[in-house]
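The values are calculated or read from the model by the stated rules, or taken from the named source; none is laboratory data. As the structure is a computational prediction, the values presented were derived from the model and not from experiment. A quick note on method: Cβ atoms are made from the backbone with ideal geometry, for glycine too, and the neighbour counts reach across all protein chains shown. Keep in mind that these areas ignore ligands, DNA and RNA; they rest on the heavy atoms of the full protein, side chains included. Shrake-Rupley method; radii C 1.70, N 1.55, O 1.52, S 1.80 Å.
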Amino acid sequence: MRCLRADWGVWRTNVPKEMMEFLNFRHSSDINESYITQPLVLKYLRDFADKFDLEKHIQYYSYVTKVEPHDDRWTVTVRDVKRKEERSECYDAVFICNGSFAHPRMPEVKGEKLFKGLLFHSCDYRSTTLFVNKRVLVVGGSFSAVDISRLIIPVAQKVYISHPKPLLINVENAILKPGVKELNEGGAVFIDGSKEDFDIIMYCTGYKHFYPFLTKECGITVEDSCVQYLYKHVINIERPTLFFIGIPTLVGAYINSDLQARFAVAFLDGKFNLPPKDVMLKEIQDHFKDLEHKNLPLRYFHNIGLELRAYMSDLCQISGIEPFPEVKIRIHEHVINTLVTCKRNTKYVIIDEEQFVEV
């Protein structure tokens, strides 16, 4: 989920709130819209933390600098940024929940250092002010590229979108260009040989999974945003008391993270045993082969999308945890299937555990 500006002064989510709920904890019934504002997102999280008294467990102004295994336990080193001190403690299990939208994936483009204008990643986008009367190149074709382009088009002089494939979602008044071949002092040369000058180039090229605090002994490697090797995208096969929550993409982040966390806790509680290591590795290798057959790069390994139903069912059947209501999956599938035509003023009304209506 990201909050993006749908109109002047208001930031709204790009997925409906019905996909942004933990199990058995609904948004307030007073909210009459599905695509909600940033303050309402924050309020929901604070209400959740208050209900389950989570604040006392959160250590603010601290960040993890190292996680390393010692026998069957883990030593975690944390730095207090106020006191500028480090301390280490031992734990029986570690959950990695540092998110997937913090470390931008920056492409390597020939001539990048020659460009005299502004060049940055969409993670640094804050408002349309910077783009007033500017010639802008947006590199990328997914959600950030489409959403931000729509925001800056009314104020920019011209907005170009560069992507090697046709966009899935139409962006009115944007000028479409193929992939970038190289940059120069004034702008870009595209793979079709055309050239354009720009004041601003913004990369909407996604993010990468980044775990600099994990030592090599943790048994985790990352290649092209594919985190290896995890059973069901969660459990470290080499050291199964190290868990990763929230890696899959094109899923309802709240639903997915809730389910993955309960799946991991069920394993810790002894509710189920892992398959033999060779069986888990074969499942992963089969997934690699499927990507290769579809001519998809490794970074699509954790892309679940319309496979969410099967994935959630798999986790629940293995662990015996409570599933989400069917209606949640149906809303997710509907949103994924209507990305091209979906509007932010759409409202979803849940009728019962299985049915919803769109108004």
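Observations, loosely collected:
- Placing a label point 7 Å from the Cα of Asn133 along the Cα-to-Cβ direction, the residues of the stretch 151-167 whose backbone N falls under 17 Å of that point are 153-159.
- Neighbour cut-off at most 15 other Cβ (10 Å), DSSP loop, GluC sites (Glu not before Pro), the stretch 42-126: Glu108
- Accessible surface ranking for Arg299, Arg309, Arg83, 1.4 angstrom probe, highest first: Arg83, Arg299, Arg309.
- Karplus (6.51, -1.76, 1.60) ³J(HN,Hα), θ = phi - 60°, over the stretch 272-287, in Hz, Gly and Pro reported as x: 7, 10, 6, x, x, 4, 5, 5, 5, 5, 5, 4, 5, 4, 5, 5
- Annotation: Ile191 carries an accessible surface of approximately 110 Å², with a 1.4 Å probe and no ligand, DNA or RNA atoms counted.
- Using a probe of 1.4 Å on the protein chains alone, the accessible area found for Lys277 is around 100 Å².
- Heavy atoms of Ser100: accessible area, 1.4 Å probe, square angstrom to 10: 20 Å²
- Contour excess over end-to-end distance, with Cα ends at Glu238 and Val279 and 0.36 nm allotted per residue: 13.5 nm
- Sequence-separation-based contact order of the stretch 71-191, relative, with Cα cut under 8 Å and 6+ spacing, percent: 21 percent
- With every protein chain in place, the chain: carbon and sulfur % of accessible area (1.4 Å): 51 percent
- Less than 5 angstrom separates the built amide H of His209 from those of Ser225, all sequence-distant by 5 or more or on a different chain.
- Cα gyration tensor shape for the chain, rounded if a/c is under 1.5, else prolate or oblate: prolate
- Asp352, Asp192, ranked by accessible area, largest first (probe 1.4 Å): Asp192, Asp352
- Beta-bridge orientation, the chain: approximately 65 percent antiparallel, per DSSP, counting only bridges with both partners inside.
- Shape of the stretch 128-188, Cα gyration tensor, a/c cut at 1.5: oblate
- Under 5 Å between amide hydrogens, built in the peptide plane, is the criterion, and for Ala156 it picks out Asn133 among residues at least 5 positions away or on other chains.
- Taking 0.36 nm per residue of sequence separation and removing the Cα-Cα distance, the Arg79/Ile350 pair yields an extension gain of 93.1 nm.
- Contour minus Cα-Cα distance for Asp197 and Trp11 (0.36 nm per residue): 63.9 nm
- The phi-based Karplus calculation (6.51 cos²θ - 1.76 cosθ + 1.60; θ = phi - 60°) puts the 3J(HN,Hα) values of the stretch 92-108 at 7, 8, 10, 10, 8, 9, 8, x, 10, 10, 10, 10, x, 8, 9, x, 9 Hz, whole numbers, x for Gly and Pro.
- Seen against the Cα atoms of the chain and their longest principal axis, helix 143-152 is set at about 40 degrees.
- Charge dipole of the chain (Cα centre as origin; +1 on each Lys and Arg Cβ, -1 on each Asp and Glu Cβ, all else neutral): 1160 debye, rounded to the nearest 20.
- Using θ = phi - 60° and Karplus 6.51 cos²θ - 1.76 cosθ + 1.60, couplings along the stretch 221-233 (whole Hz; Gly, Pro as x): 10, 10, 10, 6, 6, 9, 8, 10, 10, 10, 6, 6, 6
- The chain - mean residue ellipticity at 222 nm from DSSP helices (-39,500 (n - 2.57) per run, n ≥ 4, rounded to 500): -7000 deg cm²/dmol
- Rounded to 10°, Cα long-axis angle of helix 326-337 versus longest principal axis of the chain: 20 degrees
- For the residue pairs Lys110/Lys289; Lys113/Lys208; Lys116/Lys177; Lys56/Lys216; Lys208/Lys289; Lys165/Lys282, alpha carbon separations beyond 24 Å are given by Lys110/Lys289; Lys56/Lys216; Lys165/Lys282.
- Cβ-placed point charges (K, R +1; D, E -1), dipole of the stretch 209-276 about Cα centre in debye, nearest 20: 180 debye
- Amide hydrogen neighbours beyond the local backbone of Thr65, cut-off 5 Å, H modeled: Thr77, Val78, Arg79
- Between Pro166, Ile153, His27, the Cα set farthest toward the positive side of the dipole of the chain (charges on each charged residue's Cβ, about the Cα centre) is that of Ile153.
- Residues Asp71, Asp47, ordered by accessible area of protein heavy atoms at a 1.4 angstrom probe radius and largest first, appear as Asp71, Asp47.
- Probe 1.4 Å, accessible area per residue of the stretch 285-329, Å²: 56 Å²
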